Each structure stands twice: as C-alpha cells, then as structure tokens.
C-alpha cells in the first residue's frame, strides 16, 4: 500500500477551495494531483492557485487516469451519480458532496457500486467533525445524559433572495434547503441517536428567485427555501428539525446560526456552530452552562490539524479529508460512508412525500 494518496478534485468551486483543498494541504499523506471542472476560466484560475500537476474539463479522463487513487466530487447535485459511477468503475476511491443524488435510489446505487467494486466511499457530511458534536456523541454513548429523549436542530441563514443558479431547480438539485442544509442535520441526528423510522414534514418556497444578481430575469425557483420535520427514532426518541435560508438577522458574516440539542433523562447538551470548541451542558439537575470541549475531541484522532489555528467554525471541516485518506491507507470503511448518505437521503425523500401526501411516512432505506 503506497503511503501517499493521489487525489483529484472534481468541481473547483468554493466548497473545494474552502474545505477540501486545505484539508489535502495539511495532510502529508495526501497529494492534490489533478483538478477537473467544465468551466475553463475557473479551471485556469485553480491551476494557478492550487498548482495541480493535471487539469481537465473531462471527468472521464480523471476516472481512467492510472496516476490517481481517489477523487473528491464537489459538483452540482444532478452530476454526482454519473461522475461517481465512472470513477468507481475506474477503481477510484470516492468522496462525494451531499446530497449524493437526486433521490434515495440514486444514493443507494452509488453505495452498491462502491461496495461491489471494493473502493472506499465517503459522504461529505462535514458537521460530523465539529468538536462539540464529537463530544456530544461521547456524552450520549457514555450515558452521561441518561436515556436520550429529544433531539432538536435549527439551521438559519440570511442569504440574498436572488437566483441560486442550478440549486434552485428541482431537476438539478432535487430539493432546496432540505437537501442542501437540513440533510446534514438528519445525518448527524442518526449518528447520535440511531435510525429515524418515520417522519412528518413540510417545505415552503417564499423567495421567487426570478432575478439574477445583476437584476436580469431568470426562471423562478421550484425548490424549498424552508424545511421542517418531526421524526420518530427507532430508539423511541423524538426529533424536530427546522432550516431556512431566509432568516433575516442571521447572516453572521455568512456563517448563519446553528444549534443542535439532545435532552436526556439525566441531562442536556447542545452544539452551536458559532462556537464549536465549546458545548452547552447540564447534568446533575444544574442549568445549562457553556464549557470547553475536552482537548481529545477537538480534532479527529491522529489529525495533523492544529485546533488552535484558524476559525473554529471552519477548520474542523478539514478533518473530513483526513478521515478519507486514513480509510484508504488503512483499508477500512470511511465514516460517514455512502450508506450514511443514502440513509439520510431516504429521510429527506420521506419528508417530501409526507408533505405531498399530508401524512406521516415510514422511512424506507433498503441498501442491498
């Protein structure tokens, strides 16, 4: 097994620039070898900024390249399935942004393809690596909160009401806030408390987004900009989620606001994105109090990232690449894998079905 993982980034936009490429840079076991994007102007800029050895507009070249071990896919949602299947067929390990596809069926197909080909697969659920969420998982697993009873999540953004481009059309994005933001919270809720068995949910579209930033017209949005659900976990716990991109006053330099909380029979604990190196916790009958996350939970075990450097709300995302590279070199499953991405998408699909039918829906997530 080589000691360096040669990576191609497919999709050279902001997510790759902010999260994936910095994660590659700080891991001495990883090398950014190639970049792929259909936008030739952006590709030229990334060649200058990132200095990869190779650059192409054709993902098929990446899939077939024997000098590459792994790919990170950060492209529009509707392209994930064909790109991932091509790269898997080419024997590449694959990390893919969420949602994996436009439906659970797409995501399950990606999972089965990677499983059957024997390559490592990972869903880019970055919030799993937030220090306070990692510590919250420890609190749940250790029993310090008692029996988990309630989960709740709020994710609020104050974004411009102009066009989202491809993100505002269902045939390209699958859904809006639900697939873009709330799906993260569905994933880490299931990581914390186990599978969600049934949901009732609602989505809404308030901003028409029929104008580009320059004021010219474009087709209006047909996806949600607000989503919510109530879920029942198989464990007996209950959950409530709400997400919106239209929460005025929650811009916070683009970071927005997020809080996720678990209430158990013996205590409560809450994570906040604006301060992920601290946790709010209450045990022993005391009120909620903010406390530092213990040092051993500030980074993924073995990660070269210095938790004292950079914006805490951003830098924990670099550990995603560390986990991906570690799984490849250690010949083990990456966490969270495509199976986790598919199961979260099954819940999100059930939310859309629930709203269409105006009733509770059981979550169906057969992966075999």
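Do we find that residue 258 is in contact (Cβ under 8 Å) with a residue 24 or more places away in the chain, surrounded by 19 or more Cβ atoms within 10 Å (Cβ to Cβ) and in the same structural domain as residue 324 (by TED's automatic domain parsing) in this structure?
Yes, satisfied.
State all residues of the stretch 204-255 that are at positive phi and out of contact with any helix residue (DSSP H, G or I) (no Cβ under 9 Å at 6 or more places or on another chain); if no residue qualifies, say none. Correct list: 215, 236, 249, 252, 253, 254. Among the residues of the stretch 12-57 satisfying the criterion of being over 15 Å from residue 314 (Cβ atoms) and under 20 Å from the mean Cα position of the chain (by Cα), which is surrounded by the most Cβ atoms within 10 Å (Cβ to Cβ)? It comes out as 12.
Per the listing 350, 334, 300, the residue uniquely more than 30 Å from residue 5 (Cα to Cα) and under 20 Å from the mean Cα position of the chain (by Cα) is 350.
Residue by residue, here is whether (1) outside any strand (DSSP E or B); (2) farther than 24 Å from residue 360 by Cα holds:
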{"position": "192", "(1), (2)": "yes, no"}
{"position": "208", "(1), (2)": "yes, yes"}
{"position": "215", "(1), (2)": "yes, yes"}
{"position": "219", "(1), (2)": "yes, yes"}
{"position": "230", "(1), (2)": "no, no"}
{"position": "243", "(1), (2)": "no, no"}
{"position": "248", "(1), (2)": "yes, yes"}
{"position": "259", "(1), (2)": "no, yes"}
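Residues that are touching a helix residue (DSSP H, G or I) at 6+ places or on another chain (Cβ under 7 Å) and within 15 Å of residue 38 (Cα to Cα): does the stretch 82-93 have at least one? Within the stretch 82-93 (the criterion being touching a helix residue (DSSP H, G or I) at 6+ places or on another chain (Cβ under 7 Å) and within 15 Å of residue 38 (Cα to Cα)), the answer is yes, since at least one residue qualifies. Does residue 235 satisfy the condition of being outside any helix (DSSP H, G or I), in the same structural domain as residue 145 (by TED's automatic domain parsing), over 22 Å from the mean Cα position of the chain (by Cα) and under 18 Å from residue 173 (Cα atoms)? Answer is no for this residue.
The residues of the stretch 35-59 that are touching a helix residue (DSSP H, G or I) at 6+ places or on another chain (Cβ under 6 Å) and under 23 Å from residue 117 (Cβ atoms), listed by number, are 36, 59. Criterion applied to 264, 243, 231, 194 was being touching a residue at least 24 places away in the same chain (Cβ under 8 Å), over 22 Å from residue 341 (Cβ atoms) and in contact with a strand residue (DSSP E or B) (Cβ under 7 Å, 6 or more places away or on another chain), and the one residue passing it is 264.
Give the residue, chosen from 47, 6, that is touching a strand residue (DSSP E or B) at 6+ places or on another chain (Cβ under 8 Å) and closer than 21 Å to residue 122 by Cα. That would be 6, the only listed residue that is touching a strand residue (DSSP E or B) at 6+ places or on another chain (Cβ under 8 Å) and closer than 21 Å to residue 122 by Cα. Restricting the stretch 326-341 to residues that are outside any loop (DSSP other than H, G, I, E, B) and in contact (Cβ under 8 Å) with a residue 12 or more places away in the chain, which is farthest from residue 184 (Cα to Cα)? Ranking the qualifying residues of the stretch 326-341, first place goes to 329.
The values are calculated or read from the model by the stated rules, or taken from the named source; none is laboratory data. Quantities reported herein were computed from a predicted structural model and do not represent experimental measurements. Note: ideal-geometry Cβ built from the backbone for every residue, glycine included; neighbour counts use all protein chains shown.
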